[in-house]
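As structure tokens, the structure follows; a few thoughts come after it.
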Amino acid sequence: MKRSSGILLPISSLPSPYGIGTFGKAAYEFADFLKAAGQKYWQVLPLGPTSYGDSPYQSFSTFAGNPYFIDLDMLIKEKLLTKKEVEAENWGTNPRYVDYGQIYSSRFKILEKAKKRGYKNALGDISNFKKDNPWVENYALFMSIKKHFGQLSWQEWPEEDIRLHEKKAVEKYTGLLEEDIEFFVYIQYLFFKQWAQLKRYINDLGIEVIGDLPIYVAMDSCDVWAEPEFFSLDEDNYPVEVAGVPPDYFTEDGQLWGNPCYDWKAMSKDGYKWWIRRIEGAAKLYDVLRIDHFRGFDEYWAVPAGEKTAKNGKWKKGPGMELVGLLNKKFPKIHFIAEDLGEPSPTVVKLLKDSGWPGMKVLGFAFDSGEANNYQPHTYDNNCICYTGTHDNATVMGWYEEAAKKDKDYAIKYLGISKAEGFNWGMIRGGMSSVAVLFVAQMQDFLGLGKYNRINVPGTKSGNWQWRLLGKEMDADLAKKIMDMTVMYGRTEPVKKSVKKPAKKPANKKVAAKKK
């Protein structure tokens, strides 16, 4: 990875007339904006289908794509939908925030119309898609059964044989729900077709996509239902231990995520084939992978199932370099980023060093106490990624609005920020000028947006994942300002201005005649 920079903007945050960001026109415009701003990376959040709570970190599948991101204008151009049909649906009224309830009731209704018109004509391509993505048929069956049982979690399905993924039950429901299975396969086909086209465009601009891979998968997912042997479940496929983090300075009860813990012994015995398939799937979507909660590879906080808080968990040993080394060996072309935020133990520090992966530094954590810490730029080494903040942090100006005066004063003094420059640009300059090999800022930070413009507030169950960019904010003047700073700190090359050579003057006819 060369010295460079990028912008963090979820696909869901793109502008569009259909309530949520898609792989359509605005995605291509944002790629052009990144190019004009001299950025080499576009960081997105997980692209999987979301469940209750709309979190991209709680997906029905680690392999599948989110149907919300399929662009409807593209389907109109392919004559799979009409403009009238799409505009007749309610997609929400506020262009700044996603209305997930409204989108849920409209999106699948529209996509079913597209499937009725397009499925038969695409049978050959769909067949090839299924061969290249063998997970999709299990996923389509899983989603069809969920629909059949009123969207109940698979653990609550009333028929024990299909809940336990028994072969005869799988065969029975595969026949019974054939039409629904076709639909869920089809929308995955559309998702990957549109994403592949967009990603080619992004890559052709010299920009790479950084994807986010949650270390855990959701309990209510096809992954756990179809392959329970790799998770900490009892003989009836109910969880024994679930994931979280222990109590700390920020959370008295810790965080109880509820994801099933892995059965690392079973995975090791199998040669970590599940993880290899998972990374292979992610490699189809992204160029760089950020592994969320890297600490879980070293040790993980296991909480007995049924606990109301994360207090009564305990640390257990993870796979360490046995898995990390295997991923390095199997995927030499993929750059991994380790999300190592928090107070890492000595064993986590060693694992990170042994992995060779860059860790993360968040400027939003650098000035909270006014004391030296390893998030301040003068402490960095080259092999790290500096962020103004992640999707879980306040925007820079949101931090400024809520931080203690002594912390703000310290940040201003440390970074030498003036009123004329603006606090958000001073923070961006602090990261851009650091020795970190890669610098990433949230789009909101370049826009100087405050506390009502953050992506997620950890520990809260509503009001998250909703923020959206407005089209007018992809401004040429802003792109130039970002470009100028990016060039100044050696994170991109200056734009070479083409110099026209003066046209050759035509030979004087009289002189030419004399020479003859």
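The values are calculated or read from the model by the stated rules, or taken from the named source; none is laboratory data. These figures come from a predicted structure and were not determined experimentally. Because the Cβ atoms are built from the backbone with ideal geometry, glycine has one as well, and the counts that use them run over all protein chains shown. Remember, those area values only see protein heavy atoms, side chains included, never the ligands or the DNA or RNA. Shrake-Rupley method; radii C 1.70, N 1.55, O 1.52, S 1.80 Å.
Quick notes
- For residue 343, the conditions (1) at pLDDT 95 or above; (2) over 14 Å from residue 427 (Cβ atoms); (3) not polar (S, T, N, Q) all hold with the exception of (1).
- Candidates 278, 290: the one that is closer than 30 Å to residue 129 by Cβ, open to solvent by less than 10 Å² (accessible area, probe 1.4 Å) and not in a helix (DSSP H, G or I) is 290.
- The conditions of being at pLDDT 95 or above, surrounded by 22 or more Cβ atoms within 10 Å (Cβ to Cβ), of a type in the set (A, V, I, L, M) and closer than 24 Å to residue 472 by Cβ are met by residue 45.
- Count - residues of segment 235-286 that are among the aliphatic types (A, V, I, L, M) and modelled with pLDDT under 95: 2
- Where strands (runs of 3 or more DSSP E) fall entirely within segment 147-265, those with at least 3 residues that are open to solvent by less than 10 Å² (accessible area, probe 1.4 Å) are at 208-214.
- In segment 295-350, the residue that is nearest to residue 6 (Cα to Cα) out of those that are part of a strand (DSSP E or B), open to solvent by less than 50 Å² (accessible area, probe 1.4 Å) and of a type in the set (Phe, Trp, Tyr) is 336.
- Index of the failed condition, residue 375 passing every other in (1) more than 24 Å from the chain's Cα centre (by Cα); (2) in a loop (DSSP other than H, G, I, E, B); (3) free of Cβ contacts under 8 Å to residues at least 24 places away in the same chain: (1)
- Residue match in segment 424-435 (condition: more than 23 Å from residue 455 (Cα to Cα) and either without any contact (Cβ under 8 Å) to a residue 40 or more places away in the chain or more than 29 Å from the chain's Cα centre (by Cα) (or both)): no
- Which numbered condition residue 460 fails, given (1) modelled with pLDDT under 95; (2) closer than 22 Å to residue 360 by Cα: (2)
- Look at segment 239-259: where a residue is among the acidic types (Asp, Glu) and a partner is surrounded by 20 or more Cβ atoms within 10 Å (Cβ to Cβ), sitting 6+ places away or on another chain with Cβ atoms under 6 Å, you get 241/261.
- The residue that is most open to solvent (accessible area, probe 1.4 Å), among those in segment 77-105 that are without any contact (Cβ under 8 Å) to a residue 40 or more places away in the chain and either within 22 Å of residue 151 (Cα to Cα) or among the polar types (S, T, N, Q) (or both), is 93.
- In the set (1) part of a loop (DSSP other than H, G, I, E, B); (2) at pLDDT 95 or above; (3) within 28 Å of residue 338 (Cβ to Cβ), residue 431 fails one condition alone, (1).
- Residue match in segment 9-20 (condition: open to solvent by 10 Å² or more (accessible area, probe 1.4 Å) and aliphatic (A, V, I, L, M)): no
- Checked against the criterion of being in contact with a helix residue (DSSP H, G or I) (Cβ under 9 Å, 6 or more places away or on another chain), closer than 30 Å to residue 467 by Cβ and at pLDDT below 95, the candidates 104, 139 yield just one match: 104.
- Filter result for residue 124 (closer than 30 Å to residue 277 by Cα, without any contact (Cβ under 8 Å) to a residue 24 or more places away in the chain and not acidic (Asp, Glu)): yes
- Flag for residue 373 being modelled with pLDDT under 95 and either open to solvent by 50 Å² or more (accessible area, probe 1.4 Å) or touching a Ser or Thr at 6+ places or on another chain (Cβ under 9 Å) (or both): yes
- Inter-residue pairs, beta-carbon under 7 Å, first without any contact (Cβ under 8 Å) to a residue 12 or more places away in the chain and in segment 471-495, second surrounded by 12 or more Cβ atoms within 10 Å (Cβ to Cβ), 6+ apart: 494/487
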